[in-house]
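Everything below concerns the one structure shown next.
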Amino acid sequence: MTGTATPAPRLIDIDGLPALFEALRGRGYTVVGPTVRDGAIVVAELASAAELPFGWGVETEAGRYRLRERSDTAAFGHSAGPQSWKTVLHPARAKLWSADRVTGSAGTSIVETGAAEPPRYALLGVRPCDVRAIGILDQVLTGGRHADPVYRGRRDGAFVIAVECTEPGATCFCTSMGGGPGADSGFDLALTELTDGGDHRFVVRTGTAAGAGVLADVPSRAADEATVRHAATAVAEAAGHMGRTMPTQGLPRLLADSRESPHWDDVASRCLTCGNCTMVCPTCFCTTTEDVTDLTGDHAERWRVWDSCFALDFSYLHGGSVRTSGQSRYRQWITHKLGTWHDQFGSSGCVGCGRCIAWCPAGIDITQEVSTLASMLEQAAADEDKP
Amino acid sequence: MTGQRTAQRTAQPTAPPAPAGPAAETPAVPRFYRVASRREDTADTVTLELTEPAQPVPAFAPGQFAMLTAFGVGEVPISVSGLGDSGGGRARRLEHTLRAVGAVTRALHAAPPGSLIGVRGPFGTGWDVASAAGRDIVIVAGGIGLAPLRPVVLSALADRSRYGRIVLLAGARTPGDLLYAGELERWSRDGVEVAVTVDRADSAWSGEVGLVTALIEPAGLAPGNSVAFVCGPDIMMRFTADALAARGLPASRIRVSLERNMRCGAGWCGHCQLGPLLVCRDGPVVSYDRAAPLMRVREL
């Protein structure tokens, strides 16, 4: 991605999508992307381009997510759904290890059973907010002293096709978190979908040599300057249409200073500690492990499953859990996401995708809670200054 | 631990960065060791000596921990209590002292000699005993907290001339819960100033009764020239560290070993957070100036 001149943007017509699928499958990728299922746009394995959610958009609000029919046939005209790409790269269940206990003449030994090759996925339709989320997961799971083998295997084999955002949802605030509706890096190919004038097409930019290779196998033509500008304008305008804003300055300090805030009681009176926010969050990475055996007890497996800091067991030490109250568990989640993530991994853990707002059954809004914490601290400081 | 903190990278679709250092070797997979000996220290606590690994894990430093696997049952974090043989930078023989409190520790506690136990690690920060060179070493242990401190005593004794006084203050619930009773006597003969107290005495006990913090004053420490190593229940560590600090020992020279629910040991699972710390990575050994503000927050 560096050192070479960026190739000029190309145009793919909507009729070119099947060829894109073929090019990806021919390279051994399983294509995953958005599709309509159970009243939502989910991330799933796609057999063909026809499974993309053509003509579907979504309406989101705090505690609300509904499909809506669009007036055009856009395939990527929707903001974030209930799943993120972590369902693919950091799956909800993964086998870490398995082994057999073998008793022979030389005594007992434990023999590892072979590990499966990691699957190779092409991620089609990754929003720029989610591209950033993948970058954050890279840092968390492979950027430290030990690299997570499951994530690493899937990530190494992944092909990323970003689709820029031209219609942010009512719960979106990526620009507050330092991102935006445009994709700058972190992709193999980046598409911008255009449907104006009944002409359904994609402006395509290449991010890597692998991306260029795939693009070469798809019918495309040079993108004229007007179309490229049109696409860039649509993306730039989207930045002004965010449905939410987050206070941007000094969030780590704000949350550290709010450790003993009375506001946690207020949040806890609404929060069900269900953990939905952690499941839908594209960067929430926490897991636990389960060891299981077959009936003989001589074959054992260790599975890793998603966990949530809202679960009572999450902080269990012998003698009890550290975080028993809802107050402390919400404080842990939001403080980690916006504050201590910086200490641990050098960035915020939030990309402003808005999923946690839409999928909270109680409609708790992370941007609103931060605003409240900020104004309470300001008020407390103002009160102290009074004579 | 020297966390390799880098600024957040943007996603690299085809080539996530290679992790640094030799520890990149499959830390997710347990290596099985054979139980060479099993010593019952107290009614519920044993010390297991682990040997003969098919593939030895890297050598441990005092204060680091392993994730120990009871085959088919589960895995728990246990600090190393004896470094055994670390020839060639590999842990060929190891000791772990553990108390039976849950399903996994009960299975490990019951592991007979000859059985196999999985080891992952080493994980976390160590006590950094060598940093106390030229100073007095003050060790304060509560209950099984003595186990992670045993390698501190052993390594200080092995290099006795580098250190000033070695003071060991140990507390236990009852005389029967006192770990390493035989070794305490030996260490005492070898020049360690050992003082012991129990919460509840029995008829045979003629020693001190009370909290371990009560042993600090009589020990006559030289706070200006001491490094303290403290391990035990959270509240015991706080009161001990505060008492040492009140005597003039700087919090930066008091080290505590934090306990959190570590599921992976490698910084991936998120369970062991204490505010900004990932205890498996930034701890378990943390200096008290960092730990104190976090330990004082309820339910953090």
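When B:Ala204, B:Ala181 are checked against the criterion of being farther than 20 Å from B:Ser81 by Cα and at pLDDT below 95, B:Ala204 stands alone in meeting it. Report yes if some residue within region A:250-267 is within 14 Å of chain B (Cβ to nearest Cβ), closer than 30 Å to A:Lys95 by Cα and at pLDDT 95 or above; otherwise report no. No, region A:250-267 has no match at all. The number of residues in region A:194-218 being within 12 Å of chain B (Cβ to nearest Cβ) and either in a helix (DSSP H, G or I) or in contact with a strand residue (DSSP E or B) (Cβ under 7 Å, 6 or more places away or on another chain) (or both) comes to 8. Contact annotation: residue pairs with Cβ atoms under 6 Å, 6 or more positions apart or on different chains, pairing a residue in region A:203-221 that is farther than 15 Å from A:Asp13 by Cα with a partner that is hydroxyl-bearing (Ser, Thr, Tyr), are A:Thr208/B:Thr14; A:Ala210/B:Thr14; A:Ala212/A:Thr206. Counted as qualifying within region A:80-184 are the helices (runs of 4 or more DSSP H) with 2 or more residues that are within 18 Å of the chain's Cα centre (by Cα) and within 10 Å of another protein chain (Cβ to nearest Cβ), namely A:128-142, A:149-156.
Could you please let me know if A:Ser371 is in a helix (DSSP H, G or I) and either surrounded by fewer than 17 Cβ atoms within 10 Å (Cβ to Cβ) or of a type in the set (D, E, K, R) (or both)? Before you say what the answer is, go through the steps one by one.
Details: in a helix (DSSP H, G or I): yes; either surrounded by fewer than 17 Cβ atoms within 10 Å (Cβ to Cβ) or of a type in the set (D, E, K, R) (or both): yes.
When the stated conditions are applied, A:Ser371 passes them.
Considering region A:77-121, the residues that are among the aliphatic types (A, V, I, L, M) and in contact with a strand residue (DSSP E or B) (Cβ under 7 Å, 6 or more places away or on another chain) include one that is surrounded by the fewest Cβ atoms within 10 Å (Cβ to Cβ), namely A:Val111. When A:Thr233, A:Thr195, A:Thr227 are screened for being on the phi < 0 side of the Ramachandran plot, in contact with an Asp or Glu (Cβ under 8 Å, 6 or more places away or on another chain) and assigned by TED's automatic domain parsing to the domain that holds A:Val131, only A:Thr195 passes.
Taking into account only those residues within region A:300-318 that are surrounded by fewer than 21 Cβ atoms within 10 Å (Cβ to Cβ) and more than 8 Å from every other protein chain (Cβ to nearest Cβ), which is farthest from A:Arg93 (Cα to Cα)?
Step one: of region A:300-318, the residues surrounded by fewer than 21 Cβ atoms within 10 Å (Cβ to Cβ) are A:301, A:303, A:305-306, A:311-313, A:316-318.
Those left that are additionally more than 8 Å from every other protein chain (Cβ to nearest Cβ): A:301, A:303, A:305-306, A:311-313.
Details: A:Glu301: 12, A:Trp303: 7, A:Val305: 5, A:Trp306: 7, A:Ala311: 17, A:Leu312: 20, A:Asp313: 18 Å.
Within region A:300-318, the match that is farthest from A:Arg93 (Cα to Cα) is A:Leu312.
Take the conditions (1) more than 19 Å from A:Val322 (Cα to Cα); (2) more than 14 Å from chain A (Cβ to nearest Cβ); B:Val256 misses just one of them, which is (1).
The criterion of at least 1 residues that are in contact with a Pro (Cβ under 6 Å, 6 or more places away or on another chain) is met, among strands (runs of 3 or more DSSP E) falling completely within region B:45-144, by B:65-70, B:74-85, B:116-123, B:136-142.
Against the condition in a loop (DSSP other than H, G, I, E, B), touching a residue at least 24 places away in the same chain (Cβ under 8 Å) and either of a type in the set (A, V, I, L, M, F, W, C) or in the same structural domain as B:Ala43 (by TED's automatic domain parsing) (or both), how does B:Leu221 come out, does it pass? Answer is yes for this residue. For region B:245-252, state whether one or more residues are within 14 Å of chain A (Cβ to nearest Cβ) and either β-branched (Val, Ile, Thr) or outside any helix (DSSP H, G or I) (or both). Scanning region B:245-252 turns up no residue that is within 14 Å of chain A (Cβ to nearest Cβ) and either β-branched (Val, Ile, Thr) or outside any helix (DSSP H, G or I) (or both).
Each row is one residue, and each column tells you yes or no for (1) free of Cβ contacts under 8 Å to residues at least 60 places away in the same chain; (2) under 19 Å from A:Ala147 (Cα atoms).
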position: A:Leu89; (1), (2): no, yes
position: A:Ala94; (1), (2): no, yes
position: A:Ala99; (1), (2): no, no
position: A:Ala106; (1), (2): yes, no
position: A:Gly114; (1), (2): yes, no
position: A:Pro118; (1), (2): yes, yes
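Scanning for something away from chain B (no Cβ under 14 Å), surrounded by fewer than 22 Cβ atoms within 10 Å (Cβ to Cβ) and either touching a Gly at 6+ places or on another chain (Cβ under 9 Å) or of a type in the set (Ser, Thr, Tyr) (or both), does region A:223-232 turn up at least one residue? Yes, region A:223-232 has at least one match. All of (1) under 17 Å from the mean Cα position of the chain (by Cα); (2) at pLDDT 95 or above hold for B:Gly164 with one exception: (1).
Residues in region A:285-331 that are part of a strand (DSSP E or B) and of a type in the set (D, E, K, R): A:Glu290, A:Asp291, A:Glu301, A:Arg302, A:Arg304.
The values are calculated or read from the model by the stated rules, or taken from the named source; none is laboratory data. In this text the structure is predicted, and so the values were computed from the model without any measurement. Cβ coordinates were reconstructed from backbone atoms using ideal geometry, including for glycine residues, and neighbour counts include every protein chain displayed.
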